[in-house]
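Asker: Attaching a single structure in structure tokens format; questions to follow.
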Amino acid sequence: MAEFVLGTGRQDSIRAVTKAFEKHLLRVEGIPRRIVVRGRGLDFSAERGEFEGDFTHYTLRVRGTREEVDAMKGVAAQHVSVCETRQEDGAKVFLCPPLGQAPSDEAIETLDALCACVTLPEVWRGRGEDYRADPVSPELIFQAMIQYHASDVHLSPGISPVFRVDSETRHSELMGQLSARQIMSLIEDLAPDAYWEEFKAHKQTSFNYHQAGLGYARVSCFIKSGAPHLTFRFLPEVIPSFEELNVPAETMTELANLHRGLLLVTGMTGSGKTTTVAALIDWINEHRSSHILTIENPIEYVHNNKRSVISQRSLGADVESFDAAVTGALRHDPDVILIGEMRDSDTIRSAINAAATGHLVISTLHSTTASEVVNRIISFFDPVERDLVRLQLRDCLRCVICQRLVPKVGGGRVPALEMLFNDLKPIGDGIASGDSDLIRIGIQQTVGHSFLFETYLHRLVKAGTIDLAHGREFSTEESIFDQMYMGTYSVPRLDSLKSH
């Protein structure tokens with residue numbers, strides 16, 4: 001393991017130095033049973049029989065002045081039953097208690113007396129040894145995620161697994177506190193060879209893992225403060241239906257029946273975008289005779305051919321970039337193209353071109369509302385390109401779904417949706433001009449199919465699915481939600497933006 005430099009200040013005993021190193025090592029590597037520390041003129045090791053409790057056996061090597069060594073020899077001579085002395089490589093060695101002897105209070109008191117004879121360094125270099133090394137069971141992790149209904153689990157050195165349940169993190173003593181060695185071994189076991197090499201070279205990677213019979217996981221690995229961290233995002237083997245996701249099945253079916261144009265599923269991280277997209281692809285796969293081509297980083301939900309033929313490509317393993325994959329996809333006879341995430345101008349440009357040439361393109365994007373998606377997309381482009389991209393979006397964008405996961409009454413979470421359909425002139429004009437306010441007013445018009453988060457949240461509150469407090473909390477504008485709840489809401493007029 002790595003050696004750390006730690007300043008402890010002036011201490012009276014190496015026991016205090018040991019505790020400082022233990023605290024530091026716990027954060028970056030886990031719990032050691034042995035700590036080896038060296039300072040100017042003095043080295044020591046501390047050991048214990050278990051992974052908890054005080055360190056009980058100390059070996060102290062001193063290269064101090066003659067006066068210091070003589071004073072320490074005098075202390076040892078008074079406690080020969082609990083302190084053994086040796087001479088090794090020019091250093092005086094003190095063992096408290098001697099090897100093979102049970103720990104005792106007298107041995108610790110003798111150690112403190114030995115330390116009082118010297119001036120301890122303030123800066124030390126040390127490392128931990130003898131960490132937990134028993135293998136971590138991926139099957140046990142998956143079983144726990146299913147049992148806890150967890151969306152994610154985090155594995156870090158020095159703590160027990162942390163599960164994310166209904167957006168909240170919860171510690172579990174399922175495996176006890178883990179070590180960096182255990183987590184690194186788990187990463188090496190799970191990662192395909194290419195991704196393991198990527199992790200070693202770049203200190204981060206992400207890949208898909210299948211636990212047969214239990215589910216899939218998007219595995220993300222990275223190094224933090226010199227220690228490995230591992231995250232599982234749970235993905236069931238059976239892709240949930242629209243009804244199981246509690247999203248409007250009729251509307252989603254209409255979207256899945258689109259044959260061309262751009263369909264975006266947006267929201268913040270952890271809002272359920274990937275699952276909604278998987279449900280759309282699964283419906284198309286089951287009900288349409290199409291060729292579905294997906295480009296993902298990494299592949300998350302795994303689809304099997306049903307009525308459609310589905311080709312899933314993983315970034316890195318199957319293709320070098322989203323842009324290259326989308327450009328190449330046009331020669332692979334696809335009907336539906338799924339782009340895992342639109343993250344740069346080249347990918348977005350390719351997606352727009354594919355949608356404009358008669359394909360249904362489905363993708364995801366990070367955003368907080370549907371009305372801001374256009375400007376979020378435009379922000380990826382240089383100013384000279386933006387007017388043209390807005391016009392292209394106006395012509396090819398069919399729908400934007402924006403999601404937020406809201407706590408349900410009785411536990412669990414339910415998606416709240418905001419939908420932007422490009423079916424009204426004000427919305428098209430807003431897209432072409434990049435006017436988010438005009439788009440938002442267009443969404444509220446009753447002659448179209450679009451609706452705000454507030455509208456959907458109000459329905460969920462009326463149905464008793466969520467409570468009033470969460471309805472207000474997850475609204476974009478609480479005042480609009482309050483007006484809907486009190487029955488005083490009125491649809492803004494299109495000319496209100498000009499007058500404002």
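Derivation of every value follows stated rules applied to the coordinates shown; laboratory data play no part. These numbers were taken from a predicted model, which means no experiment stands behind them. Note that we place each Cβ from the backbone using ideal geometry, even for glycine, and neighbour counts take in every protein chain shown.
Asker: Compute for the stretch 242-499: radius of gyration divided by Kirkwood radius, i.e. Rg/Rh, restricted to C-alpha atoms, rounded to two decimals.
Answerer: Value, to two decimals: 0.97.
Asker: Another question about this same structure. Expressed as a rounded percentage, what relative contact order does the stretch 138-235 have, with Cα pairs under 8 Å and six or more residues apart?
Answerer: The normalised contact order for the stretch 138-235 reaches 27 percent.
Asker: Take the Cα atoms of the chain, build their convex hull, and give its volume per residue in Å³.
Answerer: 200 Å³
Asker: Next up: Between the stretch 40-93 and the stretch 193-230, what's the alpha-carbon centroid distance in Å?
Answerer: Result: 43 Å between the Cα centres.
Asker: Next up: Report relative contact order for the chain in percent, whole number only (criteria: Cα-Cα under 8 Å, sequence separation at least 6).
Answerer: 9 percent
Asker: If you wrap a convex hull around the alpha carbons of the stretch 432-500, what volume per residue comes out, as a whole number of Å³?
Answerer: Dividing the Cα hull volume of the stretch 432-500 by its residues yields 106 Å³.
Asker: Starting from the alpha-carbon convex hull of the stretch 138-235, give the projected area averaged over all orientations, in nm².
Answerer: Spelled out: convex hull of the Cα atoms, projected over all directions, averaged, 5.8 nm².
Asker: Which whole-number percent is the relative contact order of the stretch 242-499 (Cα, under 8 Å, 6+ apart)?
Answerer: Averaging sequence separation for qualifying contacts and normalising by length gives 18 percent for the stretch 242-499.
Asker: When all alpha-carbon pairs of the stretch 4-131 are counted, what percent fall beyond 21 Å?
Answerer: 35 percent
Asker: Work out from phi, with θ = phi - 60° and the Karplus expression 6.51 cos²θ - 1.76 cosθ + 1.60, the ³J(HN,Hα) of each residue of the stretch 380-389, listed in order in whole Hz, and give x for Gly and Pro.
Answerer: Once rounded to whole Hz, the list reads 6, 9, 5, x, 5, 8, 5, 4, 5, 5.
Asker: Be a star and scan the stretch 136-153 for residues whose amide nitrogen sits under 13 Å from the point 7 Å along the Cα-to-Cβ vector of Lys224.
Answerer: 153
Asker: Karplus couplings for the stretch 341-354 from phi (6.51 cos²θ - 1.76 cosθ + 1.60, θ = phi - 60°), rounded to Hz, Gly and Pro as x?
Answerer: Each residue's phi maps through the Karplus curve to give 7, 8, 10, 7, 5, 5, 5, 5, 4, 5, 5, 5, 4, 5 Hz.
Asker: Counting only helical runs of four or more DSSP H residues, what would the 222 nm mean residue ellipticity of the chain come to if each run contributes -39,500 (n - 2.57) and the total is spread over all its residues?
Answerer: -10500 deg cm²/dmol
Asker: Work out how much length His366 to Asp54 would gain on full extension: take 0.36 nm times their residue separation and subtract the Cα-Cα distance, in nm to one decimal.
Answerer: Length difference between fully extended and current span is 107.5 nm.
Asker: Amide H neighbours of Leu338 under 5 Å, counting only residues 5+ apart in sequence or on other chains, H built in-plane at 1.01 Å?
Answerer: Counting only residues 5 or more places away or on other chains, the set is Leu293, Thr294, Ile295, Ile362.
Asker: Here is a further query. Could you give me the percent of Cα pairs per 10 Å distance bin for the stretch 94-180, shortest bin first, beginning at zero and ending with the bin that holds the maximum distance?
Answerer: With 10 Å bins starting at 0, P(r) equals 13, 28, 20, 18, 18, 4.
Asker: Further question: So what's the projected area for the stretch 255-332, the Cα convex hull averaged over all directions, in nm²?
Answerer: Mean shadow area of the hull around the Cα atoms is 5.4 nm².
Asker: What translational D, rounded to a whole number of µm²/s, comes out for the stretch 72-225 from Stokes-Einstein when the hydrodynamic radius is the Kirkwood one over Cα pairs, at 10 °C and 1.306 mPa s?
Answerer: In µm²/s, the coefficient is 81.
Asker: Right, next: Order these peptides, 461-468, 311-318, 98-105, 109-116, by their mean beta-carbon neighbour count within 10 angstrom, highest first.
Answerer: In decreasing order of mean packing, 461-468, 311-318, 98-105, 109-116 become 109-116, 311-318, 461-468, 98-105.
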